[in-house]
Structure formats: structure tokens, C-alpha cells
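All of the numbers you see were taken from the coordinates with simple rules; none came from a lab. Everything numeric here is computed off the predicted structure, so don't read it as measured data. Positions of Cβ are generated from backbone atoms using ideal geometry, with glycine treated the same way; all protein chains shown enter the neighbour counts.
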Amino acid sequence: MYIQPVNSSFQLPNQYRNYCLADQNKVNYFVQQKENALPYITDVLQHSNNENQITETLYILDRMIDNGTKNVDKMYPVLSRFNNTKSPNIQTFLAGIYRKIQVPDAFGPLVKMLVQNSLNPNPTPFFDPNEEIGGAILSYVSDRFRK
């Protein structure tokens, strides 16, 4: 899948900063909306091919989960659209979301991402998605042993 970068207020990591910069007012607005914001989030993730917009939306969704938003696990069919992305930014946030929602169907794609990234490393990631992907896999495994 080709992800097209464009300008927005959301800033991806770069050679000087290994984290994203987001408009916290916008993030907080969606986080406060909880489940009411999920249709909008779903629509953006279904239709966007813009890396900044997708990454920003995944960041917002991650924060929504942290704030107790329910039913995010039901969004797996929409989130799975990005399972084959090569974008380290999208992979990092997607893995973080999968770690939190623990949808069983996401385990295989996480392993596939980690293997593909190991075989074809991204030469210039400003943060390593494999850390989050590996952590998500470990979380799946450890949570299965606790049950």
C-alpha cells in the first residue's frame, strides 16, 4: 500500500526528534468524545492514504484506549488495512493499539511485520517499530499464559 505524505499540523519523527508532535487540543477533543468519536476515526482510517493523517488518527485512537474508550477491538477489520504497511510510523502505533486491544487475529500480522522488518530493515527510521511490535507480541504471549 502506498501512503502519501502531505503537510498537516501533526509532525512525524525526524532526524532531530524520535517522537511525533500532535495538536493536543485536537487529540483531547477526540479523547473526550470516547465512543462517539469512533465513527469519525473509522472513516478516516478506511479512506485515508496520507501517512500523517493515518499516524495522527492512530495516535488519537491509542490515547482514546488509554482513556477507557470501549469497543476499539471491534475496529480490527478497519485497522487490519494497515497490517502490510512498510511505514515505521504506522507500524509503531498499530502495534501499540494491538497490544492494548489484544484481538487474536492481530497476532499473526504482528509476527509477519517483525519478520519482514528483520529481512528488509528500513534504513532511516527515526524510531524502531520493532520495539513496539516485539513488545506487542510478548504481551500477547504473556497474557495467554496468565489466563
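Magnitude of the charge dipole for the chain, about its Cα centre and with charges confined to Cβ atoms of Lys, Arg (+1) and Asp, Glu (-1), is about 320 debye.
Only Cα pairs under 8 Å and at least 6 apart count here; give the relative contact order of the range 1-120 as a rounded whole percent.
Averaging sequence separation for qualifying contacts and normalising by length gives 25 percent for the range 1-120.
Among (i) 32; (ii) 20; (iii) 35, only one was calculated for this model; which label is it, if the read-out is percent of Cα pairs over 26 Å apart? Evaluating percent of Cα pairs over 26 Å apart on these atoms matches (ii).
Applying the Karplus relation 6.51 cos²θ - 1.76 cosθ + 1.60 with θ = phi - 60° to the range 108-125 yields 3J(HN,Hα) values of x, x, 5, 4, 4, 4, 5, 5, 4, 5, 5, 6, 10, x, 6, x, 10, x Hz, where x marks Gly and Pro. Remark: spin-label model distance D128-V141 equals 1.7 nm, labels positioned 7 Å along the Cα→Cβ axis.
You can think of it this way: the chain between K70 and D105 has 10.8 nm of extra reach, that is 0.36 nm per residue less the Cα-Cα gap. Sequence-distant contacts, meaning Cα pairs under 8 Å at least 6 residues apart, place the relative contact order of the range 11-58 at 28 percent. Pairs of lysines in the chain whose Cα atoms sit within less than 28 Å of one another amount to 20, provided the residues are eight or more positions apart or on different chains. Projecting the Cα atoms of N50, V31, G134 onto the dipole axis of the chain, where Lys and Arg carry +1 and Asp and Glu carry -1 at the beta carbon, places G134 farthest toward the positive end. In the range 54-147, Cα pairs under 8 Å separated by at least six residues give a relative contact order of 32 percent.
Per-residue 3J(HN,Hα) values for the range 136-142, derived from phi via the Karplus relation 6.51 cos²θ - 1.76 cosθ + 1.60 with θ = phi - 60°, read 5, 4, 4, 5, 4, 5, 5 Hz in sequence order (x marks Gly and Pro). Couplings for the range 35-43, taken from phi via the Karplus curve 6.51 cos²θ - 1.76 cosθ + 1.60 with θ = phi - 60°, read 4, 5, 8, 4, x, 5, 4, 4, 4 Hz in order; Gly and Pro are left as x.
P(r) tail for the range 55-104, what percent of Cα pairs lie past 11 Å? Above the 11 Å cut-off, the range 55-104 has 66 percent of its Cα pairs.
Need one word for the range 1-84: rounded, prolate or oblate. Basis is the Cα gyration tensor (sqrt eigenvalues a ≥ b ≥ c); a/c below 1.5 gives rounded, then a/b vs b/c decides.
Since a/c reaches 1.5 but b/c is at least a/b, the shape of the range 1-84 is classed as oblate.
Between R81 and N120, the contour length at 0.36 nm per residue exceeds the Cα-Cα span by 12.0 nm.
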